[in-house]
Amino acid sequence: MRRLFDWLDARVGFRGGRSVMLDEPLPPGTGWFFTLGSVLLALLAIQILTGAFLTLYYAATPDHAYDSVRFIAEQVTAGRLVRGLHHYGASFLIVVLALHLLRVVLFGSYRPPREVTWLSGIALLLLVLGFALTGYLLPWDQRAYWATVVSINIGRLAPAGGEFVASVLRGGATVGALTLTRWYALHVVFLPALLVLLVVLHLLLMRRQGISGPVRTRPGDPYPFFPRQAARDTAVILLVTVALGAFAWHGAPALEAPADPTDATYIPRPEWYFLGLFQLLKYFPARAEVFGAVTLPTIGLLLLAALPWIDRGRSRAPKDRPIVMAAIVVGALAVVSLTALGWRDRPGSGSPTAWPVRAIGGRQVVLRANCTKCHAEGDVADPLEATAITRSAEWIGGHVSDPEMIAPGLREPPTLRSDREIAAMVSYVRQLARGPYPGFPPQAEQTAGIIARYCIGCHKFDGDGGTDGPDLTHAGRKHDADWFRRWITSPKNVDPKAEMPAFGKRVAPADIDALAQYLVARR
Amino acid sequence: MSQPVDPAPGRRQILAAFVTAVTAGIGASLAAILGAFALKPSRAAASECWVHAGTLDDLTANVPVPHVVSVPRVDGWYRERARQMVFLVWDGNQQVTALSATCSHLGCQVAWNGETKQFKCPCHGGVYDVSGRVVSGPPPRPLESVAAQVRGGNVLVKL
């Protein structure tokens, strides 16, 4: 074996390379603070590896992206873990990157001759945020889609060329297939290539200048990186990796419903590391939005990049650099508090598993239209539950109403009466893609069916429905059951000026009674 | 900068062993996870199931009638319906047998010849009798028989 290594070394010189890699002389006093760079390298390696393996199963098209990610999370061996590692790895990377940056600032390590190393580090920070942004869209669920719409709209705010930037980011007229392929290409080809270049540059510069070491030169001789500092690095990497593994073990957050560009009720929220920026925007009126979204962050970034030229004193000790320290503390506090405020300021959305009343009503339509006659195990079409339908609402609507769109060989289109029934069915089918039907009491299902058929076209329930009539989300706060019964049966008998049509002849008295009870319960 | 100074040899060995062990441990864990991820995708393929192939009314006694059957197939996250041809042979009573239309030679689709009362493969001339046995030509095996049953006038086949 030794002879083989000797032979190889004579030709490749790996022992010399190993020495260059491991025997870097470090100034005395280099300690635990200097382990963060290596932790970042380890996390980057994990991201690149898990990301590369995720591409084995991921399909970057709107028709398949969601299903392929769901397949990874639910079907592939260790898929949940790999996706979890990649998902939380991004957050770990950003946290460690911020700590590394703070360490560099605290130790004044950006001072000459390390300005270019510092600038390459800032570029790497932006690049990592670019990865986070582009990767967020890929699962193609509601969260991914709408966060991306917001990000692109922030790009549009830029004073010069904002529209151009937004259209380049979008790829097409709207966020869609072209955006997905574009961001996927950025995420897996262009940004990684840039990342490798910048990391190599950053490391070469670090080696060229040597690491800055403690703020005050300590007495003693320099010592080699291996094994003392390498052991420190390894210990921290072990700690971080175990923590990452613990997060990943629980899997990445569950997917939301498939992306639905027509769903105007969805309230988008970005991933936590963009929450600060998201929150900042809330404090600016529409006219000054560009200041909050673009100008302020840009100024902050430029100031950060210019630190080596702003902070030019002799001493690197924090107590000799009070202004920089104060600015950094204020900056860090601002970022942390904005993020915390953004975290707390969540919209009071319902439980993700809650079923909208329209979807529950849609089930009644599905049953009435005999969809399950063909959509059954072993029949001509897959069961609705098994299809994980991620088609657009238009497609499903077309499928149920247009015989030509039904699978070949089937000549019995469902007999749907109205657009409202189709909308209810679409809502049910799309809700099924999020999870199985939980089941509700028969009376509740019956009432939901009536609402989906007669009420929701004009009235909103939990943000879903028409706007011609009043929002009935909290209907029970205003009237009692008897009032609702009389009103639904014949509104004009209650108020001669009422515009709502009478339902006394269209809906059975027992159903009107159930509907009144349902509305009263909505408080 | 002067020559780097090493820690004591004993300590150096311990630290080096620690670095090597942790690096190998993390590497091996990742390799195991990613290896399993890459090499063992779930076989979520649809297992055989009974699918509707036609009704007794469509069949003529003792004459193989071709029917295209839509069979659910799962390919990863992708669900599709494969169209597969089978010949249904009704005994005139309540019994139906089904034969795959795929030639056992190289997979072409055979056709029923009513005059010769034989199946013939258009590709290489394989000939089978009404029960699927090879009469002549290159096919190495009979036509594959497919489980079939009659339920309430409907013919179901297992594919």
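Bear in mind these aren't lab numbers, they're just calculated from the coordinates by the rules spelled out. Quantities reported herein were computed from a predicted structural model and do not represent experimental measurements. Positions of Cβ are backbone-derived with ideal geometry, glycine not excepted, and every protein chain shown enters the neighbour counts.
Before moving on, here are some points about what is shown:
- Placed amide H near residue A:141: partners under 5 Å, 5+ positions off or other chain: A:259
- The mean count of C-beta atoms from other chains within 10 Å of the C-beta of residues in A:50-59, rounded to a whole number, is 3.
- The amide H of residue A:223, built 1.01 Å from its N in the peptide plane, has A:26, B:5 as neighbours under 5 Å, considering only residues 5 or more places off or on other chains.
- Inter-label distance, residue B:144 to residue A:203: 5.2 nm, where each label sits 7 Å from its Cα along the C-beta direction.
- Isolated Cys in chain B, by beta carbon distance under 4.7 Å: B:49
- Inter-chain Cβ neighbour count for A:227-236, averaged per residue, equals 5 (cutoff 10 Å, partner chain atoms only).
- Added length on full extension, which subtracts the Cα-Cα distance from 0.36 nm per residue, residue A:332 to residue A:502: 55.1 nm
- C-alpha long axis of helix A:65-74 to longest principal axis of chain A, angle in °: 80 degrees
- Placed amide H near residue A:522: partners under 5 Å, 5+ positions off or other chain: A:476
- Computed FRET value (nearest 0.05) for residue B:85 with residue A:272, which takes r as the C-beta separation and R₀ as 56 Å: 0.50
- Peptide packing: for A:172-184, B:103-115, the average count of neighbouring Cβ atoms within 10 Å per residue gives the ranking A:172-184, B:103-115, highest mean first.
- Across peptide B:63-73, the mean count of Cβ atoms from other chains lying within 10 Å of each residue's own Cβ comes to 2.
- Simple Cβ-charge dipole of region A:98-188, Lys/Arg +1 and Asp/Glu -1, about Cα centre, in debye nearest 20: 160 debye
- Degrees, to the nearest 10: B:9-39 long Cα axis against longest axis of chain B: 10 degrees
- For region A:283-312, the residues whose backbone nitrogen is under 18 Å from a point 7 Å from the Cα of residue A:153, taken along Cα to Cβ, are A:283-295.
- Working ranking of peptides B:90-102, A:308-320 by packing, defined as the average number of other Cβ atoms within 10 Å per residue, highest first, is B:90-102, A:308-320.
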